[in-house]
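The structure under discussion appears below in the form of structure tokens.
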């Protein structure tokens, strides 16, 4: 496929870019559908199962499993398929699956709500990398950082308002109308995407080996294994995935059992976290040039460790919300630290595959723990589980300490040069 970008516009004309207007509006519709899916269905499952830990954990499992399984596959096929058509088809298929599930629910098969989450999570793994490819094609290089910042800010805004949107939709309209709104949001997103200029024709290489996909995956694994920095980062990912997967699944029970609040209070917890992420993002941008990425990542993980333990121990609503706020401030440290480390210690031609190898280490552990956490909840107290998760986060931070001495700008070989 041709990689030639469309003619660049002046830096101040980003919002006059038809592609950017379209992708932003499409993402608003997708975020509405995703957050209604996440919280309306979560509230519905808790009501139907009387707060059963396994049923709630299964909800998170079906959302995360496709991300783990398809993250590398989706990125690979995004380079082979037409990105505009891929995004349109993904949104259309998401809408079709939602309406199909709605029909089955109307006739009494409530367990099909899991299928809505599962299918849309699979399709998003093909749609998201296609969107990134279109960003590179249709936005001038000097506008990319501004465009991506706005795109990520929109996601953070929905972290604040999304939970309330899903809960209110379920409480006022019930699960059937909530799922219907979700399907309409996905359908409208697909229609909006038709405003994007048509894809260029893909140049097929008839001589390309059939096993190229698996060969690329193997090369990515070998590349990560040869780098002491990337190996350590992989270990950090795995430990953090175990901790985050455990606490994410049991967050609802902290609200109900430790804080004595109704399940709907979870929306306010996530709103506080989302507000802190917005503020923390600006703070990290100001400090990022002064702090090496491995130290920035360690700071974020250390904050997560302490706030996890505090949230598990706390029975005070104000204290728990304060801890959620502190944890939200640290989350941008983790995001920016990870992405910067991968970019600095990875050759350009391996960046996609390194992401494809490392991301499943985090998501894989999360997927496993979403189910294991439900079983742990049946045998261990919440305080003990949260403190154990905090301990794992602390160990993840310790794995980064030996990397403090490395400087990517002077690296030799695969590890870097010690300061």
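Among 94, 359, which comes first, then next, by fewest other beta-carbon atoms within 10 Å?
359, 94
Could you work out the relative contact order of the stretch 16-195, using alpha carbon pairs under 8 angstrom and six or more residues apart, expressed as a whole percent?
This gives 48 percent for the stretch 16-195.
In whole Å, what are the Cα extents of the stretch 16-195 along the three principal axes, biggest one first?
Here the Cα extents, ordered largest to smallest, are 52, 30, 27 Å.
Distance in nm between label sites at residue 96 and residue 191, each 7 Å beyond Cα in the beta-carbon direction?
Inter-label distance under the simple model: 1.8 nm.
Once you have the alpha carbon radius of gyration of the stretch 244-333, what is it after dividing by 2.2 N^0.38 Å, with N set to its residue count?
After normalising by residue count via 2.2 N^0.38 Å, the value is 1.13.
Name all residues of the stretch 165-180 having a backbone nitrogen under 20 Å from the label point set 7 Å from the Cα of residue 48 along its Cα→Cβ direction, giving them as ranges.
Those under the cut-off are 166-180.
Could you work out how much longer the chain between residue 379 and residue 231 gets when fully extended? Use 0.36 nm per residue separation minus the Cα distance between them, nm to one decimal.
Net length gain for the segment: 49.9 nm.
Normalised by the number of residues in the stretch 219-402, what is the relative contact order in percent for Cα pairs under 8 Å and 6+ residues apart?
Relative contact order comes out at 44 percent.
At a 10 Å Cβ-Cβ cut-off, how would you order 346, 104, 249, fewest neighbours first?
104, 346, 249
At residue 290 and residue 106, where each label point lies 7 Å from the Cα along Cα→Cβ, what is the point-to-point distance in nanometres?
Inter-label distance under the simple model: 5.9 nm.
Taking neighbour Cβ counts within 10 Å as the exposure measure, how do 99, 126 sort from fewest upward?
99, 126
Give me the Kirkwood hydrodynamic radius of the stretch 219-402, using the inverse of the mean 1/r over all pairs of distinct Cα atoms, in Å to one decimal.
16.9 Å
Note the full-extension length gain between residue 115 and residue 387 as 0.36 nm times their separation in residues minus their Cα-Cα distance, in nm to one decimal.
94.6 nm
None of the figures in this text is laboratory data; all of them are computed from the coordinates on show. Worth saying up front: this structure is predicted, and the values here are computed from it rather than measured. Ideal geometry is used to build each Cβ from the backbone, glycine not excepted, and the neighbour counts take in all protein chains shown.
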